[in-house]
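First comes the structure, then the notes that go with it.
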Amino acid sequence: MSIPRKKFIAGNFKMNTTSSEVASYLEAFRVATEKVNDVDIVLIPPFTSLAKASEILGGAQKIRLGAQNMSSEAKGAYTGEISASMLRDLFVRYVLVGHSERRRLFGETDEMVRRKLVTALKSELRPILCIGETLEERQSNQEKTVLESQLRAAIEGLSPEEISEIVIAYEPVWAIGTGLTATPEQAQQAHLFIRDYLGKLSGTSVANRSRILYGGSVTPDTAVELLSQPDIDGALVGGASLDPRAFAKIVAAAIPQE
Ligand code: 13P
């Protein structure tokens, strides 16, 4: 019998929320999630809010912090970049790697994504690797080819132990910020495909343990059905994570049912 995978809910604030706003957010979010156990919760505010958030959360185990991006370099003359050790110093545990907005708007290539992934793993930051097809790719039935090639480029050749540290986020580009959530069936199909392919690259034991999140216009209304699909292990939430009460409802949708 396989061990159930603990649900994982992450909120990507993108370029929203100042450091002063994060304090009141956390106050409301902590109250709203007070009774939640058995769900991994990760908040991913902008870099400038991480220090404040970390100070407020202290050593709290329940809510972890993630960063939205990171340099693949360890240190040095890279103006404007943030290193893994700077994030670790703020008790950040997770880092988004290869978000479609980074790929599309900031020219991140598969090669850059892989380098960041490897740096994160070496630095004991757990990467949340984002993959997903565009609308055009889906309309021309290319989604599987795209998912396979993004995944292969990022993780081929890594050890099963390294791969088991990675959380994967399936974020169809056409569903991000558009209000067009993938249907639970579409998402489940893509997740199953990703898990099978992960199995080919790293063995079925790692694939069965790996958590695969869905991202793209997740709301409290769509979360329950998405999260009840067998291969959807959580959500990477953008817009709806900016409201602490709405985000807490999405977290609540992930609580295991007796
Ligand atoms: P939305 O939930 O706003 O569609 O954003 C999804 C996303 O990109 C999370 O990383």
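The values are calculated or read from the model by the stated rules, or taken from the named source; none is laboratory data. Bear in mind that the values here come from a model prediction, so they are computed numbers and not experimental data. Cβ placement follows ideal geometry from the backbone for every residue including glycine, while neighbour counts extend to all protein chains displayed. Surface accessibility is based on the protein's heavy atoms, side chains included, excluding ligands, DNA and RNA. Shrake-Rupley method; radii C 1.70, N 1.55, O 1.52, S 1.80 Å.
Just a few scattered comments:
- Taken one residue at a time, the phi angles of segment 78-87 give Karplus couplings (6.51, -1.76, 1.60, θ = phi - 60°) of 9, 3, x, 9, 10, 9, 4, 5, 5, 6 Hz. Gly and Pro are set to x.
- The length gained on full extension between Thr134 and Leu105, counted as 0.36 nm times the residue separation minus their Cα-Cα distance, comes to 9.1 nm.
- 3J(HN,Hα) couplings calculated from phi for segment 5-21 with the Karplus curve 6.51 cos²θ - 1.76 cosθ + 1.60 (θ = phi - 60°) are, in sequence order, 8, 5, 5, 9, 10, 10, x, 9, 6, 6, 8, 9, 5, 7, 4, 5, 6 Hz; Gly and Pro show x.
- Among Met112, Ile131, Leu87 the positive-end extreme of the charge dipole of the chain (Cβ point charges): Leu87
- DSSP-assigned coil residues among GluC sites (Glu not before Pro) in segment 1-93, each with at most 12 further Cβ atoms within 10 Å: Glu34
- Per the Cα gyration tensor, segment 1-153 maps to an equivalent ellipsoid with semi-axes of 27, 21, 16 Å, ordered largest to smallest.
- Normalised convex hull volume, the chain, alpha-carbon set, Å³ per residue: 124 Å³
- The accessible surface of the chain, taken with every protein chain in place and a 1.4 Å probe, is 52 percent carbon and sulfur.
- Proximal charge balance of Leu57 [Cβ under 12 Å; K/R count +1, D/E count -1]: +3
- Those residues of segment 107-124 whose amide nitrogen sits under 20 Å from the label point placed on Met15, 7 Å along Cα→Cβ: 107-109
- Once the 1.4 Å probe is applied to the protein heavy atoms, the chain comes out at 48 Å² accessible per residue.
- Top of Arg104, Arg245, Arg64 by mean-square fluctuation, Gaussian network on the chain, Cα under 10 Å: Arg104
- Value at 222 nm in deg cm²/dmol, rounded to 500, when DSSP H runs of n ≥ 4 in the chain each add -39,500 (n - 2.57): -13000 deg cm²/dmol
- Qualifying chymotrypsin sites (Phe, Trp or Tyr not before Pro) for segment 73-111 [loop in DSSP, other Cβ within 10 Å: at most 12]: Tyr78, Phe106
- In straight-distance terms, cross-link reach from Lys52 covers every one of the lysines whose alpha-carbon lies under 27 Å from its own, apart from those fewer than eight places away in the same chain; here that gives Lys7, Lys14, Lys35, Lys62, Lys75, Lys116, Lys122, Lys249.
- Excluding same-chain neighbours fewer than eight residues apart, the aspartates and glutamates reachable from Lys200 by a Cα-Cα span under 14 Å are Glu148, Glu156.
- Simple point charges give the picture: +1 on the Cβ of Lys and Arg, -1 on the Cβ of Asp and Glu, and for the chain a dipole about the Cα centre of about 480 debye.
- Between the residues Ile9, Ser20, Gln68, the greatest Cα displacement towards the positive end of the dipole of the chain, with unit charges on the Cβ of Lys, Arg, Asp and Glu, is found for Ser20.
- Estimated vicinal HN-Hα couplings, Hz - segment 205-211 in sequence order (Karplus 6.51, -1.76, 1.60; Gly, Pro = x): 5, 5, 4, 6, 8, 5, 9
- Treating r as the C-beta distance of Arg152 and Glu55 and R0 as 45 Å, the FRET efficiency rounds to 0.65.
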